[in-house]
Structures are given as structure tokens and as C-alpha cells.
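To start, the structure under review is shown below, and the notes come after it.
The values are calculated or read from the model by the stated rules, or taken from the named source; none is laboratory data. Computed from a predicted structure; not experimentally measured. The protein model used for the area step is the full one, side chains on, heavy atoms only, and it has no ligands, DNA or RNA in it. Shrake-Rupley method; radii C 1.70, N 1.55, O 1.52, S 1.80 Å.
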Amino acid sequence: MDKKHLLIQLQSLRLKLHEIADARGSLTDPDVLAVSEEADQLIVALQHIQRNELMNVSIRREDM
């Protein structure tokens with residue numbers, strides 16, 4: 001999955017998280033926690049992409 005797609009998914013989950021939390025009135029509701037965990041997984045995937053991008057930039061600079 002590419003970075004842009006992950007960011008769009010994360011934004012969608014963020015909105016869904018707010019909606020569910022408001023509807024349930026609790027941040028510890030199982031459905032809220034499930035969406036939060038899904039968002040966490042996307043955040044970790046984005047962090048891996050960013051780390052790889054930074055490593056690639058660093059490697060390119062060393063090659064110069």
C-alpha cells in the first residue's frame with residue numbers, strides 16, 4: 001500500500017472513531033477500541049514507510 005492511500009484510510013478511521021465515540025459516549029467502548037487499534041496499525045505502517053524513505057535519502061546522500 002502506498003503512503004497516500006494509507007493517509008486517506010487513516011483520515012477516514014479518525015472520523016469514524018469520533019463518530020462512534022460520540023455515539024457510544026465512551027472511549028473504552030469495544031467498537032471504539034477496535035477502530036483505534038485499526039488506526040494504530042495504519043500509523044505503524046506509515047512509520048515504516050517514512051523510516052524507509054529517510055533511509056533511502058540517507059543512502060543517496062552517502063553515494064554522492
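Taken over region 1-42, the criterion of being open to solvent by less than 50 Å² (accessible area, probe 1.4 Å) and not in a helix (DSSP H, G or I) is satisfied by 26, 29. Scanning region 29-39 for residues that are more than 13 Å from residue 12 (Cα to Cα) and under 15 Å from the mean Cα position of the chain (by Cα) yields 33, 34, 37.
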